[in-house]
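Accompanying notes for the structure given below.
The values are calculated or read from the model by the stated rules, or taken from the named source; none is laboratory data. Because the structure is a prediction, the values reported are computed rather than measured. Note: ideal-geometry Cβ built from the backbone for every residue, glycine included; neighbour counts use all protein chains shown. What goes into the accessible areas is simple: the full protein's heavy atoms, side chains included, and nothing from ligands, DNA or RNA. Shrake-Rupley method; radii C 1.70, N 1.55, O 1.52, S 1.80 Å.
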Amino acid sequence: QAIDLQVFQYLRDTGELTVRVRPWIWAMDQEPRVGLLDDLIALGIRSGFGDDMVKIQGSKFMLDGSAGGRTAAVAEPYEDDDSKGILYYTKDEVAPYMKKSIEAGLRVAIHAIGERAIDVAIESFKEAHESVDITKMRNRIEHCGLPTDEHLQAMKDLELIAASSIGFIYHLGDSYIKNLGPERMKRAYPHKSFKEYGIVAPGNSDLPVTNGNPWYGIYAAVTRKTISGQVSDTVQNISVYDALKAYTTDAAYSSFEEDTLGVIKENAKADLIV
């Protein structure tokens, strides 16, 4: 990722960078990635460092795999299987690094899809919160695929953001239905529940995992339909307005840019798609 940052800066300096970049820096060694958290802290880098074109967001962690690949760390076995997925780290292993990041002024984004992974993420955030008030940092749980009501309440209390990959419901939904079954689908990427709990939940595609076109995610959030036309559930549907909000102002909120991105008003960026 150090090379990536060099490339972004070179393109910015030569006027070839045509999109604003908001990088999260990989924190811990995890094959094949090299962790850069200690390097960032040693350099004194904090969240927000950079300019309008390239701005550091914080540190990135990863706790489990994917529900489509049956590697997300779920609480109950996958359908027709005895596997509960893979949990890469326990709380005792990851929490000290997250706390170190937060204490150094680097926000945390942590990949957690299954219930067991989300539990580790939340308990680690709670531990960091004992020494630093994290409620205004806008830390994130990436994907946040299968949160329980207990998780949702804790996320609300800690003001965590659910960086929801709602686009998965459309592109990967058929495999989700097959792997998770109908009951779990009622709380998969639960945007209605996020709204009820007052949790900010920007939508994403997780490009290049799925197509980056935001309309697919917006469609999925409203209809809860997969690419084959299956209805994943009839519980978590949200309105078109709220789905658009997830991909505009809510997304901008997650990087402290809700006043200038994702909204049409005076002095805001004219970033529009038609």
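Summary table
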read-out: Number of the condition not met by Gly198 [criteria: (1) under 18 Å from Ala252 (Cβ atoms); (2) out of contact with any helix residue (DSSP H, G or I) (no Cβ under 8 Å at 6 or more places or on another chain)]; value: (2)
read-out: Restricting region 23-43 to residues that are assigned to a loop (DSSP other than H, G, I, E, B) and open to solvent by 50 Å² or more (accessible area, probe 1.4 Å), the residue that is farthest from Ala2 (Cα to Cα); value: Glu31
read-out: Residue match in region 200-215 (condition: in a loop (DSSP other than H, G, I, E, B), under 29 Å from Val21 (Cα atoms), of a type in the set (Ser, Thr, Tyr) and open to solvent by less than 60 Å² (accessible area, probe 1.4 Å)); value: yes
read-out: Residues located in region 127-145, provided they are touching a Lys or Arg at 6+ places or on another chain (Cβ under 6 Å) and within 22 Å of Leu172 (Cα to Cα); value: none
read-out: Residue check, Met137 more than 25 Å from Lys225 (Cβ to Cβ) and crowded, with 24+ Cβ neighbours inside 10 Å; value: no
read-out: Test result for Ala75, within 21 Å of Glu183 (Cα to Cα), of a type in the set (A, V, I, L, M) and open to solvent by 30 Å² or more (accessible area, probe 1.4 Å); value: yes
read-out: Test: residue in region 36-47 that is of a type outside the set (A, V, I, L, M), under 14 Å from Val108 (Cβ atoms) and under 19 Å from the mean Cα position of the chain (by Cα); value: yes
read-out: Elements of type strands (runs of 3 or more DSSP E) in region 80-164, at least 3 residues being modelled with pLDDT of 95 or more and hydrophobic (A, V, I, L, M, F, W, C); value: 107-112, 161-164
read-out: Evaluation of Glu103 against (1) more than 30 Å from Leu180 (Cα to Cα); (2) surrounded by 20 or more Cβ atoms within 10 Å (Cβ to Cβ) (one fails), failing number; value: (2)
read-out: Residue within region 177-198 that is within 18 Å of Thr234 (Cα to Cα), at pLDDT 95 or above, open to solvent by 50 Å² or more (accessible area, probe 1.4 Å) and not in a helix (DSSP H, G or I) present; value: yes
read-out: Number of positions in region 239-269 that are within 30 Å of Lys178 (Cα to Cα) and open to solvent by less than 20 Å² (accessible area, probe 1.4 Å); value: 2
